[in-house]
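In what follows, a single structure is set out as structure tokens and then discussed.
The values are calculated or read from the model by the stated rules, or taken from the named source; none is laboratory data. No experiment lies behind these values; they were computed from the predicted model shown. Note: ideal-geometry Cβ built from the backbone for every residue, glycine included; neighbour counts use all protein chains shown.
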Amino acid sequence: MNDEHQTPENGKLTLEIVKDLWSKTYNTDGKPDWSHILPYYDDDIYFRDSIQEIRGMTEFKAMTERLTVRSKDLQMKLVNAIQHENDIFIEWEMTISYKKYPSSILYGASRLSINEGGKIMVQRDYYDLWGDIFDNIPRFGKMYRRFMKKKFG
């Protein structure tokens, strides 16, 4: 594959390509950059996480641009990645620094569903946004975890 902005010759996004792309996604001069990965998404992408549900490339690009504007720095570390048929599962640690707040590490996982054309048709991200952010606030993080354990644990 000569150009990393095109799908592989066999038409399938592979686990190795995903691992390579995701490790670079957030490390361009500290600012997030999805330009090298967006070509691997289907125009009709369906994305969902703890905060939002998005349909279509226009909305997906807008989400990535909002995150770029809001973050001072964002780093992604892949912890584990496996493939089962047309689904790729990645476990990650994302360190994000907002302009006015300290860095927070979010621990999560993503399921990427690859269509017959070799592009990501569905991305579902799983993470505990508030718990991971609150853990970085002195005293409040411990109170939040006690509350969650008492009510839901």
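The table for this structure:
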quantity: Selected residue (criterion: nearest to Phe60 (Cα to Cα)) from residues of the range 87-126 that are among the basic types (Lys, Arg) and in a strand (DSSP E or B); calculated: Arg124
quantity: Every residue from the range 57-100 that is over 12 Å from the mean Cα position of the chain (by Cα) and among the charged types (D, E, K, R); calculated: Glu59, Lys61, Glu65, Arg66, Arg70, Lys72, Asp73, Glu85, Asp87, Lys99, Lys100
quantity: Which listed residue is exposed (fewer than 14 other Cβ atoms within 10 Å of the Cβ) and within 24 Å of Asp132 (Cα to Cα), from Arg55, Arg66; calculated: Arg66
quantity: Residue count, the range 94-104 (criterion: surrounded by 15 or more Cβ atoms within 10 Å (Cβ to Cβ) and of a type outside the set (Val, Ile, Thr)); calculated: 3
quantity: The range 45-70 residues that are assigned to a helix (DSSP H, G or I), paired with ones that are among the basic types (Lys, Arg) and surrounded by fewer than 14 Cβ atoms within 10 Å (Cβ to Cβ) (beta carbon under 8 Å, 6 or more apart); calculated: Arg70/Lys99
quantity: Unique residue being modelled with pLDDT of 90 or more, within 28 Å of Lys12 (Cα to Cα) and surrounded by 13 or more Cβ atoms within 10 Å (Cβ to Cβ) when the list is Ile37, Ile114; calculated: Ile114
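Let's see how each residue does on (1) touching a Leu at 6+ places or on another chain (Cβ under 8 Å); (2) aromatic (Phe, Trp, Tyr); (3) farther than 30 Å from Ile137 by Cβ:
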site	(1), (2), (3)
Ile37	yes, no, yes
Ile45	no, no, yes
Asn80	no, no, no
Asn86	no, no, yes
Trp92	yes, yes, no
Ala109	no, no, no
Ser113	no, no, yes
Asp125	no, no, no
